[in-house]
């Protein structure tokens, strides 16, 4: 049957981490020019790992991303506390919390609920997954981490890295 080769090809593309789908926060259409994001990150002292750790004051981190919004670099972390979700904005300059607001927008709430479902199955934190990705890709900086379900419903995370002006997405297990 034709479905088996097609499924195998799609699985190979997914496992190799080729950019078949766009991740929130890093696609050029959603955040403007990737070159602008890369340039802004050069001056950011706060790392994604630090932002994840800082956001824990508002619940368990379920995703994080650097993004350019209204011409300014932000580090946005979604957190969950029970069934409540917040977007915590961390200063990329000094790592402090700039704001923490309940997520109410329909699309953002759906994303948070999807991320929660994956994180409920995870035995590894997003911080650990991000550290692993950066360690395996020396010289890279983590730009985003988004939980996703792997094959056989296993929890994983897509980690987008930046190195020398180029973005790369890798997949880390959350179990």
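The values are calculated or read from the model by the stated rules, or taken from the named source; none is laboratory data. All values derive from a computational prediction rather than experimental measurement. With ideal geometry, Cβ positions are generated from the backbone for all residues, glycine too; neighbour counts draw on all protein chains shown.
Of the residues making up the range 125-147, those that are touching a strand residue (DSSP E or B) at 6+ places or on another chain (Cβ under 7 Å), farther than 14 Å from residue 66 by Cβ and assigned to a loop (DSSP other than H, G, I, E, B) are 137, 139. Can you name the residue in the range 149-161 that is touching a residue at least 12 places away in the same chain (Cβ under 8 Å) and out of contact with any helix residue (DSSP H, G or I) (no Cβ under 6 Å at 6 or more places or on another chain) and is also farthest from residue 38 (Cα to Cα) among such residues? Of everything passing the filter in the range 149-161, 153 is farthest from residue 38 (Cα to Cα).
Report yes if residue 160 is under 21 Å from residue 40 (Cα atoms), in a strand (DSSP E or B) and within 11 Å of the chain's Cα centre (by Cα), otherwise no. Against the criterion (under 21 Å from residue 40 (Cα atoms), in a strand (DSSP E or B) and within 11 Å of the chain's Cα centre (by Cα)), residue 160 qualifies.
If you go through the range 148-173 and keep only what is in contact with a strand residue (DSSP E or B) (Cβ under 6 Å, 6 or more places away or on another chain) and at pLDDT below 95, you end up with just 150.
Of the numbered criteria (1) surrounded by fewer than 17 Cβ atoms within 10 Å (Cβ to Cβ); (2) under 14 Å from the mean Cα position of the chain (by Cα); (3) assigned to a strand (DSSP E or B), the one residue 114 fails is (3). Are there strands (runs of 3 or more DSSP E) fully within the range 44-108 with at least 1 residues that are in contact (Cβ under 8 Å) with a residue 40 or more places away in the chain, more than 16 Å from the chain's Cα centre (by Cα) and surrounded by fewer than 20 Cβ atoms within 10 Å (Cβ to Cβ)? List them. Once the strands (runs of 3 or more DSSP E) in the range 44-108 are filtered for at least 1 residues that are in contact (Cβ under 8 Å) with a residue 40 or more places away in the chain, more than 16 Å from the chain's Cα centre (by Cα) and surrounded by fewer than 20 Cβ atoms within 10 Å (Cβ to Cβ), what remains is 97-102. With respect to the stated conditions, residue 20 is over 14 Å from residue 146 (Cβ atoms), assigned to a loop (DSSP other than H, G, I, E, B) and modelled with pLDDT under 95.
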